[in-house]
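Below is one structure, written out as structure tokens; comments come after it.
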Amino acid sequence: MTEPGGRGRVGIGYDLHRLGEGRPLWLGAVRIPHDRGLVGHSDGDVLCHAIADAILGAAALGEIGALFPDTDPRFEGIAGSGILREVASRLGAAFLRLGNVDAVVIAEKPRLATHRDAMRDAIALALGVEPTRVSIKIKSNEGCEAIGRGDAIAAQAVAWVEAR
Ligand code: MG
């Protein structure tokens, strides 16, 4: 997988979901109290989705839109943690392991700082790695655009994978 002398490969992931009423908010595989939740065929967990795509990208194993299509009823309501577990399984089957993941959540509301450690632990657990391999940063959108109005949440991630 890695080039001779190479140490690993990097991947990038991005996701955005709208916030809507009548849904629970799941972020980083943690249920977070809020008056709205992320809308999607899945549970809408943008942080898990961005991380999953970063890992899949590093391993050149595709993308979650292809692996978990929103037209497939089997994946209706699928949890972000479930997607991460499946991605970790595919990574292992490709004789790769996660070096680290670094992610940014961009949300105006709710405030997420007090949930950061719980999200990190839940993501690490789903991926089967130590929490020291997972970094999560939290940003607002300074009131700009849909995220700034509190109508959407986005996430970006990079992942590094290495040969096992
Ligand atoms: Mg998504």
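The values are calculated or read from the model by the stated rules, or taken from the named source; none is laboratory data. In this text the structure is predicted, and so the values were computed from the model without any measurement. As a convention, Cβ positions derive from the backbone with ideal geometry for all residues, glycine included, and neighbour counts pool all protein chains shown. The accessibility values were calculated without ligands, DNA or RNA, using every heavy atom of the protein model including side chains. Shrake-Rupley method; radii C 1.70, N 1.55, O 1.52, S 1.80 Å.
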**Asked** When the solvent-accessible surface of protein heavy atoms is calculated with a 1.4 angstrom probe, in what order do R9, R97 fall, highest first?
**Response** R97, R9
**Beta bridges by DSSP in the chain, antiparallel share as percent, to the nearest 5** = 80 percent
**Item:** In order through region 97-102: 3J(HN,Hα) via Karplus (6.51 cos²θ - 1.76 cosθ + 1.60), integer Hz, x for Gly, Pro
**Value:** 9, 6, x, 7, 10, 10
**Prompt:** Accessible area per residue, 1.4 Å probe, Å², for region 1-112: what's the number?
**Reply:** 49 Å²
**Request:** Enumerate the residues in region 61-77 having an amide nitrogen under 13 Å from the point lying 7 Å beyond the Cα of V10 toward its Cβ.
**Result:** none
**Message:** To the nearest 20 Debye, how big is the dipole of region 9-163 about its Cα centre, given +1 on the beta carbon of each Lys and Arg and -1 on that of each Asp and Glu?
**Reply:** 320 debye
**Complete:** Expressed as a percent, the accessible surface of region 1-104 that is carbon or sulfur, using a 1.4 Å probe and the full set of protein chains, is 51 percent
**Message:** Output wanted: per-residue J couplings in Hz (rounded whole) for region 143-158, from phi through Karplus 6.51 cos²θ - 1.76 cosθ + 1.60, θ = phi - 60°, x for Gly and Pro.
**Reply:** x, 8, 6, 4, 5, x, 7, x, 9, 7, 10, 10, 8, 10, 8, 10
**Complete:** Largest-first ranking of C144, C48 by accessible area, probe 1.4 Å, whole protein assembly kept, is C144, C48
**Prompt:** Taking only DSSP H segments of four or more residues, each worth -39500 (n - 2.57), what value at 222 nm results for the chain once the sum is divided by all its residues, to the nearest 500 deg cm²/dmol?
**Reply:** -8500 deg cm²/dmol
**Message:** On a 1.4 Å probe surface of the protein chains, which of I138, I153 comes out largest in accessible area, and what is the full order?
**Reply:** I138, I153
**Message:** At R0 = 25 Å, how high is the FRET efficiency between F95 and D121 if r is their beta carbon distance? Nearest 0.05 is fine.
**Reply:** 0.40
**Message:** Tell me the Kirkwood radius of region 9-163: reciprocal of the mean inverse pair distance over distinct alpha-carbon atoms, in Å.
**Reply:** 15.2 Å
**Prompt:** Expressed as an acute angle from 0 to 90° and rounded to the nearest 10, what is the orientation of the C-alpha long axis of helix 46-59 relative to the principal long axis of the chain?
**Reply:** 20 degrees
**Asked** At a probe size of 1.4 Å, how large is the accessible area of V129, to the nearest 10 Å²?
**Response** 30 Å²
